[in-house]
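Below: one structure, written as C-alpha coordinates.
The values are calculated or read from the model by the stated rules, or taken from the named source; none is laboratory data. As the structure is a prediction and not an experimental result, all values here were calculated from the model. Cβ: placed from backbone, ideal geometry, glycine included. Neighbour counts: every protein chain shown.
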Amino acid sequence: MKSKLLVLLCICCMYFSPRAQVKLDITSGVKYATGLRNWKNKRVDSLLLDIYYPPEATSKQKYPVVVYCHGGGFTGGTRADVASDCDMLRKQGFACVAIDYRTGYQVDRTRTECNADTASLMMAIYRAMQDLNASMRFLYANADSYYLDTSNIFVSGTSAGGTLTLFDTYINDSIAQIYYSYCYNALGSLQTSGNKLPYKYNVKAIAPMWGGMPDLGLITKKSVKPTILFKGGMDKNLPDGSGHFQQCSNYPEYLAGIGVYNETIAAGAPCVYHFNPLGVHPAYDDLFCSQNIGCFFRAIMANQPYSKYLTYYIPSCQ
(Lines give C-alpha, C1' and ligand atoms only; values in the text may rest on other atoms or scores of the structure.)
Protein backbone atom coordinates (compact mmCIF):
# COMPACT_ATOMS: atom_id res chain seq x y z
CA MET A 1 0.00 0.00 0.00
CA LYS A 2 2.83 2.37 0.91
CA SER A 3 4.59 1.69 -2.35
CA LYS A 4 1.43 2.48 -4.31
CA LEU A 5 1.02 5.75 -2.44
CA LEU A 6 4.66 6.61 -3.11
CA VAL A 7 4.24 5.98 -6.83
CA LEU A 8 1.06 8.07 -6.87
CA LEU A 9 2.85 10.88 -5.03
CA CYS A 10 5.71 10.84 -7.54
CA ILE A 11 3.28 10.99 -10.45
CA CYS A 12 1.46 13.93 -8.86
CA CYS A 13 4.73 15.75 -8.27
CA MET A 14 5.73 15.26 -11.91
CA TYR A 15 2.35 16.44 -13.14
CA PHE A 16 1.98 19.52 -10.97
CA SER A 17 5.62 20.65 -10.72
CA PRO A 18 6.67 23.69 -12.79
CA ARG A 19 8.05 22.92 -16.22
CA ALA A 20 11.82 22.64 -16.13
CA GLN A 21 13.67 25.65 -17.50
CA VAL A 22 15.34 25.19 -20.85
CA LYS A 23 18.39 27.20 -21.91
CA LEU A 24 17.72 29.05 -25.16
CA ASP A 25 20.42 29.89 -27.69
CA ILE A 26 19.91 29.93 -31.47
CA THR A 27 17.06 28.13 -33.20
CA SER A 28 17.90 27.73 -36.88
CA GLY A 29 15.99 26.75 -39.99
CA VAL A 30 12.44 27.30 -38.77
CA LYS A 31 9.97 26.95 -41.64
CA TYR A 32 7.47 29.82 -41.68
CA ALA A 33 6.07 29.86 -45.23
CA THR A 34 5.35 27.28 -47.93
CA GLY A 35 3.73 26.93 -51.35
CA LEU A 36 5.21 30.04 -52.94
CA ARG A 37 6.38 31.13 -56.39
CA ASN A 38 9.39 33.28 -57.23
CA TRP A 39 9.69 36.04 -59.82
CA LYS A 40 10.19 33.46 -62.58
CA ASN A 41 7.06 31.64 -61.41
CA LYS A 42 9.16 28.73 -60.19
CA ARG A 43 8.11 26.88 -57.05
CA VAL A 44 9.60 27.96 -53.72
CA ASP A 45 9.06 25.05 -51.36
CA SER A 46 9.58 26.98 -48.13
CA LEU A 47 11.08 30.02 -46.45
CA LEU A 48 13.10 29.77 -43.24
CA LEU A 49 14.02 31.95 -40.28
CA ASP A 50 16.55 31.82 -37.45
CA ILE A 51 15.90 33.01 -33.89
CA TYR A 52 18.82 34.42 -31.87
CA TYR A 53 18.00 34.55 -28.15
CA PRO A 54 19.73 36.69 -25.51
CA PRO A 55 22.86 34.99 -24.08
CA GLU A 56 21.26 34.08 -20.74
CA ALA A 57 17.78 33.36 -22.11
CA THR A 58 15.71 30.52 -20.70
CA SER A 59 12.20 29.22 -21.23
CA LYS A 60 11.16 30.90 -17.98
CA GLN A 61 10.25 34.14 -19.75
CA LYS A 62 9.39 35.67 -23.12
CA TYR A 63 11.56 38.10 -25.03
CA PRO A 64 10.89 41.20 -27.16
CA VAL A 65 11.26 40.47 -30.87
CA VAL A 66 13.22 42.22 -33.59
CA VAL A 67 12.47 40.83 -37.05
CA TYR A 68 15.57 41.60 -39.12
CA CYS A 69 15.51 41.92 -42.93
CA HIS A 70 18.73 41.44 -44.92
CA GLY A 71 19.88 43.65 -47.79
CA GLY A 72 20.76 42.70 -51.34
CA GLY A 73 18.89 45.09 -53.62
CA PHE A 74 15.95 42.68 -53.88
CA THR A 75 18.14 40.58 -56.19
CA GLY A 76 19.72 38.32 -53.55
CA GLY A 77 20.85 37.94 -49.96
CA THR A 78 19.92 35.49 -47.21
CA ARG A 79 19.16 35.48 -43.51
CA ALA A 80 22.77 34.42 -42.86
CA ASP A 81 23.88 37.90 -43.98
CA VAL A 82 22.52 39.45 -40.78
CA ALA A 83 23.83 36.85 -38.32
CA SER A 84 26.29 39.34 -36.79
CA ASP A 85 23.61 42.04 -36.56
CA CYS A 86 21.29 39.66 -34.74
CA ASP A 87 24.13 38.59 -32.45
CA MET A 88 24.59 42.21 -31.38
CA LEU A 89 20.87 42.77 -30.81
CA ARG A 90 20.42 39.56 -28.84
CA LYS A 91 23.14 40.76 -26.46
CA GLN A 92 20.87 43.72 -25.72
CA GLY A 93 18.02 41.50 -24.56
CA PHE A 94 16.09 40.93 -27.79
CA ALA A 95 15.12 37.77 -29.61
CA CYS A 96 16.39 38.69 -33.06
CA VAL A 97 14.72 36.87 -35.94
CA ALA A 98 16.59 36.75 -39.26
CA ILE A 99 14.32 35.87 -42.17
CA ASP A 100 14.73 34.73 -45.73
CA TYR A 101 12.42 36.36 -48.26
CA ARG A 102 11.92 36.02 -52.00
CA THR A 103 14.08 38.17 -54.26
CA GLY A 104 14.56 38.79 -57.98
CA TYR A 105 13.17 40.98 -60.75
CA GLN A 106 13.61 41.67 -64.45
CA VAL A 107 16.24 44.06 -65.83
CA ASP A 108 17.04 45.48 -69.25
CA ARG A 109 20.32 43.78 -70.20
CA THR A 110 20.97 46.34 -72.94
CA ARG A 111 21.51 49.07 -70.34
CA THR A 112 24.22 49.33 -67.68
CA GLU A 113 22.48 51.91 -65.48
CA CYS A 114 18.88 52.55 -64.45
CA ASN A 115 18.03 49.24 -66.09
CA ALA A 116 15.42 47.82 -63.72
CA ASP A 117 11.95 47.02 -64.98
CA THR A 118 10.25 49.19 -62.37
CA ALA A 119 7.02 47.18 -62.38
CA SER A 120 9.00 43.97 -61.88
CA LEU A 121 11.02 45.62 -59.09
CA MET A 122 7.83 46.64 -57.32
CA MET A 123 6.56 43.06 -57.65
CA ALA A 124 9.78 41.91 -55.94
CA ILE A 125 9.22 44.34 -53.08
CA TYR A 126 5.60 43.20 -52.84
CA ARG A 127 6.64 39.53 -52.56
CA ALA A 128 9.13 40.50 -49.88
CA MET A 129 6.37 42.30 -47.96
CA GLN A 130 4.18 39.21 -48.20
CA ASP A 131 7.03 37.12 -46.79
CA LEU A 132 7.83 39.53 -43.96
CA ASN A 133 4.16 39.55 -43.01
CA ALA A 134 4.02 35.74 -43.14
CA SER A 135 6.99 35.57 -40.77
CA MET A 136 5.30 37.86 -38.25
CA ARG A 137 2.03 35.93 -38.43
CA PHE A 138 4.01 32.76 -37.77
CA LEU A 139 5.92 34.26 -34.85
CA TYR A 140 2.74 35.63 -33.29
CA ALA A 141 0.90 32.31 -33.64
CA ASN A 142 3.84 30.34 -32.21
CA ALA A 143 4.99 32.82 -29.58
CA ASP A 144 4.47 30.40 -26.69
CA SER A 145 6.58 27.71 -28.34
CA TYR A 146 9.42 30.15 -29.08
CA TYR A 147 9.16 32.29 -25.91
CA LEU A 148 8.39 35.55 -27.70
CA ASP A 149 6.73 38.65 -26.27
CA THR A 150 4.11 39.56 -28.87
CA SER A 151 3.40 42.90 -27.18
CA ASN A 152 6.86 44.05 -28.25
CA ILE A 153 7.46 43.28 -31.93
CA PHE A 154 9.91 45.47 -33.85
CA VAL A 155 11.14 45.41 -37.46
CA SER A 156 14.56 46.43 -38.75
CA GLY A 157 16.69 46.01 -41.85
CA THR A 158 19.59 47.35 -43.87
CA SER A 159 19.54 48.67 -47.46
CA ALA A 160 16.84 46.67 -49.27
CA GLY A 161 15.89 45.38 -45.83
CA GLY A 162 15.46 48.97 -44.65
CA THR A 163 13.33 49.72 -47.69
CA LEU A 164 11.30 46.57 -47.02
CA THR A 165 10.81 47.72 -43.42
CA LEU A 166 9.40 51.07 -44.55
CA PHE A 167 7.27 49.70 -47.39
CA ASP A 168 5.75 47.05 -45.16
CA THR A 169 5.02 49.53 -42.37
CA TYR A 170 3.10 51.93 -44.59
CA ILE A 171 1.53 49.77 -47.30
CA ASN A 172 -1.44 47.53 -46.52
CA ASP A 173 -3.98 45.91 -48.84
CA SER A 174 -6.03 49.11 -49.11
CA ILE A 175 -3.00 51.19 -50.11
CA ALA A 176 -1.78 48.46 -52.46
CA GLN A 177 -5.08 48.36 -54.31
CA ILE A 178 -4.84 52.11 -54.93
CA TYR A 179 -1.18 52.51 -55.91
CA TYR A 180 -0.01 48.99 -56.79
CA SER A 181 -3.12 47.30 -58.15
CA TYR A 182 -1.04 45.30 -60.65
CA CYS A 183 0.83 43.71 -57.73
CA TYR A 184 -2.32 43.05 -55.74
CA ASN A 185 -4.14 41.56 -58.73
CA ALA A 186 -1.20 39.33 -59.69
CA LEU A 187 0.01 38.27 -56.24
CA GLY A 188 -3.00 38.68 -53.95
CA SER A 189 -3.26 40.04 -50.43
CA LEU A 190 -0.25 41.09 -48.42
CA GLN A 191 -1.53 39.02 -45.50
CA THR A 192 -2.48 35.60 -46.91
CA SER A 193 0.65 34.40 -48.70
CA GLY A 194 2.94 31.67 -47.35
CA ASN A 195 0.68 30.49 -44.54
CA LYS A 196 -2.95 30.81 -43.50
CA LEU A 197 -2.30 32.01 -39.97
CA PRO A 198 -4.39 34.97 -38.79
CA TYR A 199 -3.09 38.54 -38.91
CA LYS A 200 -3.08 39.63 -35.26
CA TYR A 201 0.35 41.12 -34.65
CA ASN A 202 1.18 44.78 -34.20
CA VAL A 203 4.59 46.31 -34.92
CA LYS A 204 5.61 48.65 -32.11
CA ALA A 205 8.47 50.53 -33.80
CA ILE A 206 10.85 50.25 -36.75
CA ALA A 207 14.55 50.77 -37.51
CA PRO A 208 15.22 51.16 -41.25
CA MET A 209 18.88 51.65 -42.15
CA TRP A 210 19.62 53.46 -45.45
CA GLY A 211 16.22 52.52 -46.85
CA GLY A 212 13.44 54.45 -48.57
CA MET A 213 9.72 54.37 -49.22
CA PRO A 214 7.23 55.70 -51.79
CA ASP A 215 6.79 59.47 -51.62
CA LEU A 216 2.99 59.24 -51.55
CA GLY A 217 2.08 60.89 -48.25
CA LEU A 218 1.68 57.52 -46.52
CA ILE A 219 2.98 58.63 -43.10
CA THR A 220 -0.11 59.94 -41.31
CA LYS A 221 -1.26 60.32 -37.72
CA LYS A 222 -3.16 57.05 -38.13
CA SER A 223 -0.38 55.01 -39.74
CA VAL A 224 2.80 56.43 -38.19
CA LYS A 225 5.20 54.26 -36.17
CA PRO A 226 8.04 55.29 -33.84
CA THR A 227 11.19 55.17 -35.96
CA ILE A 228 14.96 55.26 -35.67
CA LEU A 229 16.70 55.61 -39.02
CA PHE A 230 20.21 55.96 -40.40
CA LYS A 231 21.52 57.46 -43.65
CA GLY A 232 24.68 58.73 -45.29
CA GLY A 233 25.11 62.07 -47.01
CA MET A 234 27.08 60.47 -49.85
CA ASP A 235 24.59 57.67 -50.47
CA LYS A 236 23.78 57.81 -54.19
CA ASN A 237 21.00 55.23 -53.95
CA LEU A 238 18.57 57.33 -51.96
CA PRO A 239 17.81 61.05 -51.60
CA ASP A 240 18.04 62.82 -48.27
CA GLY A 241 14.45 63.96 -48.53
CA SER A 242 12.57 63.20 -51.71
CA GLY A 243 13.89 62.20 -55.12
CA HIS A 244 14.29 59.45 -57.67
CA PHE A 245 15.63 56.12 -56.47
CA GLN A 246 19.31 55.73 -57.50
CA GLN A 247 19.04 59.17 -59.15
CA CYS A 248 17.34 57.54 -62.16
CA SER A 249 14.62 59.65 -63.72
CA ASN A 250 12.77 56.54 -64.89
CA TYR A 251 12.62 55.15 -61.33
CA PRO A 252 9.94 56.04 -58.75
CA GLU A 253 10.35 58.93 -56.35
CA TYR A 254 11.28 57.81 -52.85
CA LEU A 255 11.16 59.43 -49.45
CA ALA A 256 14.24 58.80 -47.31
CA GLY A 257 16.37 60.27 -44.55
CA ILE A 258 15.25 63.70 -43.43
CA GLY A 259 12.03 63.28 -45.41
CA VAL A 260 10.99 60.26 -43.31
CA TYR A 261 12.14 62.03 -40.14
CA ASN A 262 10.15 65.20 -40.83
CA GLU A 263 6.96 63.36 -41.77
CA THR A 264 7.22 61.03 -38.76
CA ILE A 265 7.65 63.95 -36.37
CA ALA A 266 4.81 65.87 -38.07
CA ALA A 267 2.53 62.85 -37.65
CA GLY A 268 3.20 62.84 -33.91
CA ALA A 269 5.51 59.86 -33.39
CA PRO A 270 8.98 59.81 -31.82
CA CYS A 271 11.80 59.62 -34.34
CA VAL A 272 15.59 59.50 -34.16
CA TYR A 273 17.56 60.31 -37.30
CA HIS A 274 21.27 59.50 -37.47
CA PHE A 275 22.77 61.30 -40.47
CA ASN A 276 26.41 60.79 -41.38
CA PRO A 277 27.40 63.50 -43.91
CA LEU A 278 30.39 61.40 -44.99
CA GLY A 279 28.51 58.11 -44.97
CA VAL A 280 27.85 56.13 -48.11
CA HIS A 281 25.78 52.95 -48.41
CA PRO A 282 26.03 51.67 -45.67
CA ALA A 283 26.28 54.86 -43.67
CA TYR A 284 27.30 53.49 -40.24
CA ASP A 285 28.93 50.39 -38.81
CA ASP A 286 26.81 47.56 -37.43
CA LEU A 287 27.79 48.07 -33.79
CA PHE A 288 26.80 51.75 -33.74
CA CYS A 289 23.45 50.95 -35.32
CA SER A 290 22.64 48.01 -33.06
CA GLN A 291 23.52 49.90 -29.88
CA ASN A 292 21.33 52.88 -30.76
CA ILE A 293 18.49 50.71 -32.07
CA GLY A 294 18.52 48.74 -28.83
CA CYS A 295 18.34 51.93 -26.76
CA PHE A 296 15.46 53.30 -28.84
CA PHE A 297 13.42 50.10 -28.73
CA ARG A 298 13.91 49.75 -24.96
CA ALA A 299 12.77 53.35 -24.50
CA ILE A 300 9.63 52.60 -26.52
CA MET A 301 8.94 49.54 -24.34
CA ALA A 302 9.41 51.65 -21.21
CA ASN A 303 7.05 54.32 -22.58
CA GLN A 304 9.89 56.85 -22.45
CA PRO A 305 10.31 57.73 -26.14
CA TYR A 306 12.58 60.44 -27.46
CA SER A 307 13.27 62.23 -30.73
CA LYS A 308 16.64 63.45 -32.00
CA TYR A 309 18.42 64.50 -35.17
CA LEU A 310 22.12 63.69 -34.83
CA THR A 311 25.06 63.87 -37.22
CA TYR A 312 28.23 61.80 -37.56
CA TYR A 313 28.77 59.24 -34.78
CA ILE A 314 26.97 60.98 -31.92
CA PRO A 315 24.96 58.29 -30.08
CA SER A 316 21.28 58.79 -29.34
CA CYS A 317 21.13 56.48 -26.30
CA GLN A 318 19.80 58.17 -23.17
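Matching residues to (1) at pLDDT 95 or above; (2) charged (D, E, K, R); (3) touching a Pro at 6+ places or on another chain (Cβ under 9 Å):
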| residue | (1), (2), (3) |
| --- | --- |
| V155 | yes, no, yes |
| S159 | yes, no, yes |
| L164 | yes, no, yes |
| S181 | yes, no, no |
| S193 | yes, no, no |
| K200 | yes, yes, no |
| W210 | yes, no, yes |
| T220 | yes, no, no |
Practice item. Just give me the residues in the range 240-258 being within 14 Å of V280 (Cβ to Cβ) and either in contact with a Ser or Thr (Cβ under 7 Å, 6 or more places away or on another chain) or assigned to a loop (DSSP other than H, G, I, E, B) (or both), in sequence order. Key: D240, G257
Check your understanding: Among the residues of the range 101-118, is there at least one that is surrounded by 23 or more Cβ atoms within 10 Å (Cβ to Cβ) and closer than 16 Å to G157 by Cα?
Key -> yes
**Study point:** The lone exception for F74 - which of (1) among the hydrophobic types (A, V, I, L, M, F, W, C); (2) within 15 Å of A134 (Cβ to Cβ); (3) part of a loop (DSSP other than H, G, I, E, B) it fails
**Key:** (2)
**Study point:** Among (1) assigned to a loop (DSSP other than H, G, I, E, B); (2) buried (at least 16 other Cβ atoms within 10 Å of the Cβ) - the single one M234 does not satisfy
**Key:** (2)
Practice item. Return yes when C271 is over 26 Å from D87 (Cβ atoms), hydrophobic (A, V, I, L, M, F, W, C) and either free of Cβ contacts under 8 Å to residues at least 12 places away in the same chain or buried (at least 16 other Cβ atoms within 10 Å of the Cβ) (or both) and no when it is not. Key: yes
Check your understanding: Mind checking whether some residue in the range 37-59 is part of a helix (DSSP H, G or I) and either without any contact (Cβ under 8 Å) to a residue 40 or more places away in the chain or not charged (D, E, K, R) (or both)?
Key -> no
Practice item. Can you confirm whether the range 243-261 contains a residue that is surrounded by fewer than 19 Cβ atoms within 10 Å (Cβ to Cβ) and within 21 Å of the chain's Cα centre (by Cα)? Key: yes
Check your understanding: Under 7 Å by Cβ, and 6 or more places apart or on different chains, what pairs join a residue from the range 298-318 that is in contact (Cβ under 8 Å) with a residue 40 or more places away in the chain and acidic (D, E) with one that is surrounded by fewer than 15 Cβ atoms within 10 Å (Cβ to Cβ) and assigned to a loop (DSSP other than H, G, I, E, B)?
Key -> none
Exercise for review: For Y68, work out the one condition from (1) in contact with a Cys (Cβ under 6 Å, 6 or more places away or on another chain); (2) in a loop (DSSP other than H, G, I, E, B) it doesn't fulfil.
Suggested key: (2)
Point to revise | Top-ranked residue in the range 37-69 [being of a type in the set (A, V, I, L, M) and touching a Ser or Thr at 6+ places or on another chain (Cβ under 7 Å); ranked as surrounded by the most Cβ atoms within 10 Å (Cβ to Cβ)] | key: V66
Check your understanding: (1) farther than 14 Å from G233 by Cα; (2) in contact with a Ser or Thr (Cβ under 6 Å, 6 or more places away or on another chain): which one isn't true of E263, the others all being true?
Key -> (2)
Exercise for review: Run down G241, G268 and say which single residue is small (G, A, S), modelled with pLDDT under 95 and within 23 Å of Y170 (Cβ to Cβ).
Suggested key: G241
